[in-house]
Amino acid sequence: MKKIISVLLSVIIIFSIPLIALAQSEQVPFVLVTGMNVLPLYKDYGTDSEQKVWPMPGSSYLDMGKKLILPLAKFAVDKDKAALTGAVLDSVNGLLEYMKCDDNGDSVYSISTPQFPLSMANYPELYENEVKDEQGILNAACEHYGADNVYFYNYDWRLDPLSHADGLNELIESIKQDKNCGEVNLACCSMGGTVVMSYIYKYGSDSIRSLLLLSTAFQGVEAVADMYTGDLYVEKNALFRRIINLGKGGLREFLFEALTYALDKTGIADNIVAFANNILDDISDEIYDCVLKDTFGNMPAILDLVPAYRYEDAKAYMLDESENQKLIERCDEYIYNVQSHTKRLLDEAKAGGVTVYIVCQYNMQSLPVSHSSDMNNDLLIDVKYASGGAVCADLDTNLPHGYTQSVSDGHNHLSYDNVIDASTCMYPENTWFIKDQAHVDYNVGETTDFIFWLADSDVQLTVFDDERYTQFMIFDYDSNSLEPINENYKEKTDYFEIVKNVIEFISDFYKKALSVLLGYLINNI
């Protein structure tokens, strides 16, 4: 009898092993790849001489100010603008010294940033109490999946994404071994899109269950192309929109609108913009030669953000074919094998069973420093590129009257606010747009719930599968809520616009009244 029981127990144990393994791997680990500049860069990290170099500490700016006291005093006497310009640019160049890369695109100094090889259960200080951006997503993910199932990939954002792909692969392989699983849910933000697409290019997608491209620069950024081809320009309306966007909701937004209105009406804005553009016209060559080319020109990750169709012009403007040969080879590989073949790489991932989702934001102003600053944006990345090809009206405009969907596929992909035609995207059925939400502002709440709804699905979801998450949605900062944009959509009331109209009416009334009074006096005296 004992032998029979022993045999039965052995059989039960043997057949239970796959079930145990299945239970262990049922919770798919969630991996988030960060964007640019989320955590600081340090020189000699972890040593006694550790020094934060980006974002720059206040002491660095103070030192720069001290160095400029004498040149400013000298300028007050001799009015030698060239000497002052040289002193300022030398100081800025010195401020950026530790950020520099060499002609090959490698860091000149020993620079690193915090790494997280284990689950978030080991780094609660990274995400606790965070409510937005990547760390906010981590916070929500730890609540949703459990901190032991959430991982974070951070990297030096200056350097080659193809090299960072190797580090991401190491993390994913370590997770698979640790969790006894075959796949992870992989999400990325902003510049993280270049890292993840480089990973898929080099290692394939067999280890990915779901892929989420959240506010990503996987197709480039127009403002970077402008900067890398010498096209720097400040436009007043773009500057105003940027200021207002930084308010984002409630009284603060109202006050920022009032500020821009006051700057405009007093003529201060015109003077500021004219002054800035005069400086750019006068010393643009010096800015590029002494600062931008010397510092940012050799950063492969930034050059990789140039859209492919402008890459050759940017490369010719910023780099030297001989001195930068290795850097050019690196960037060529990314632009021509990764960025230019994103659709093929994602198609292959989809064919292998990966669910792919693209989420981007719109109706925000980009950096107002180029002639392309009217393009619809999320504060940093153009909607056209973050969505993989959507047709977008410029900011403060709509698609032309009578506009019809570019690609007829039997579904409506036109936004009800008449701003976006998503039919031209890489994946119109799997691309979502969130209006009035800034770049990577996935605040803990309804927007992170949306992210996990995508990641958790066993099948490929579409923009028509859930009435809560329609293709076009709008985010409200005051209520931290996400609402569908549908046939009932109405633009929210801009209370400052009402105030402005009243001011303009009163102003016109007084002008007319004064004109009538002066006419009466002239005719009757």
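The values are calculated or read from the model by the stated rules, or taken from the named source; none is laboratory data. As the structure is a computational prediction, the values presented were derived from the model and not from experiment. For neighbour counting, all protein chains shown are included, and Cβ atoms are generated from backbone atoms with ideal geometry for every residue, glycine included.
Every condition in (1) in contact (Cβ under 8 Å) with a residue 60 or more places away in the chain; (2) loosely packed, with under 15 Cβ neighbours inside 10 Å is met by Val33 except one, and the failing one is (2). Among the residues of the range 455-465, those that are surrounded by 14 or more Cβ atoms within 10 Å (Cβ to Cβ) and either at pLDDT below 95 or not hydrophobic (A, V, I, L, M, F, W, C) (or both) comprise Asp456, Ser457, Gln460, Thr462, Asp465. Only one of Val419, Val440 is crowded, with 22+ Cβ neighbours inside 10 Å and more than 20 Å from the chain's Cα centre (by Cα). Can you tell me which? Sole residue among the options that is crowded, with 22+ Cβ neighbours inside 10 Å and more than 20 Å from the chain's Cα centre (by Cα): Val419.
Condition check ((1) more than 20 Å from Val131 (Cβ to Cβ); (2) touching a strand residue (DSSP E or B) at 6+ places or on another chain (Cβ under 9 Å); (3) charged (D, E, K, R); (4) not in a strand (DSSP E or B)) across all residues:
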position	(1), (2), (3), (4)
Gln405	yes, yes, no, yes
Asp409	yes, no, yes, yes
Asp417	yes, yes, yes, yes
Phe433	yes, yes, no, no
Thr447	no, yes, no, yes
Arg468	yes, yes, yes, yes
Lys490	yes, no, yes, yes
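Okay, residues lined up against (1) over 30 Å from Leu280 (Cβ atoms); (2) among the small types (Gly, Ala, Ser); (3) in contact with a helix residue (DSSP H, G or I) (Cβ under 7 Å, 6 or more places away or on another chain):
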position	(1), (2), (3)
Ser366	no, yes, yes
Leu380	no, no, no
Asn398	yes, no, no
Asn430	yes, no, no
Phe450	yes, no, no
Trp453	yes, no, no
Asp456	yes, no, no
Arg468	yes, no, no
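Put simply, of Ser119, Ser110, Ser59 the only residue that is without any contact (Cβ under 8 Å) to a residue 24 or more places away in the chain and either in the same structural domain as Leu212 (by TED's automatic domain parsing) or loosely packed, with under 13 Cβ neighbours inside 10 Å (or both) is Ser59. For the range 205-219, the criterion of being assigned by TED's automatic domain parsing to the domain that holds Asp374 and over 18 Å from Val33 (Cβ atoms) is met by no residue.
Please go through the range 471-489 and give me each residue that is surrounded by fewer than 19 Cβ atoms within 10 Å (Cβ to Cβ) and under 21 Å from His413 (Cβ atoms), ordered by number.
Within the range 471-489, Glu483, Pro484, Asn486, Glu487, Asn488, Tyr489 qualify.
Within the range 177-203, being without any contact (Cβ under 8 Å) to a residue 60 or more places away in the chain, touching a helix residue (DSSP H, G or I) at 6+ places or on another chain (Cβ under 8 Å) and surrounded by fewer than 24 Cβ atoms within 10 Å (Cβ to Cβ) holds for Lys202, Tyr203. Among all positions in the range 226-244, there is at least one residue which is part of a helix (DSSP H, G or I), of a type in the set (Asp, Glu) and under 27 Å from the mean Cα position of the chain (by Cα). Can you name every residue in the range 262-308 that is β-branched (Val, Ile, Thr) and either surrounded by fewer than 13 Cβ atoms within 10 Å (Cβ to Cβ) or not assigned by TED's automatic domain parsing to the domain that holds His371 (or both)? Correct list: Thr266, Ile268. For the range 400-416, the count of residues that are of a type in the set (Val, Ile, Thr), surrounded by fewer than 16 Cβ atoms within 10 Å (Cβ to Cβ) and either at pLDDT below 95 or assigned by TED's automatic domain parsing to the domain that holds Gly247 (or both) is at least one. Condition test on Tyr123, is it in contact with a Ser or Thr (Cβ under 8 Å, 6 or more places away or on another chain) and not hydrophobic (A, V, I, L, M, F, W, C)? No, not satisfied. Note on the range 192-225: residues that are outside any helix (DSSP H, G or I) and either modelled with pLDDT under 95 or of a type outside the set (Ser, Thr, Tyr) (or both) amount to 13. Taking helices (runs of 4 or more DSSP H) as the structural unit, those lying wholly within the range 247-348 and holding at least 2 residues that are in contact (Cβ under 8 Å) with a residue 60 or more places away in the chain and farther than 29 Å from Asn363 by Cα correspond to 268-287, 308-318, 325-337.
In this structure, Cys181 does not qualify as closer than 24 Å to Asp441 by Cβ and not basic (Lys, Arg). In this structure, is Thr355 modelled with pLDDT of 95 or more, closer than 28 Å to Ser207 by Cβ and touching a Gly at 6+ places or on another chain (Cβ under 8 Å)? Answer is no for this residue. Of the helices (runs of 4 or more DSSP H) entirely within the range 47-138, those holding at least 3 residues that are more than 28 Å from the chain's Cα centre (by Cα) occupy 58-78, 81-95.
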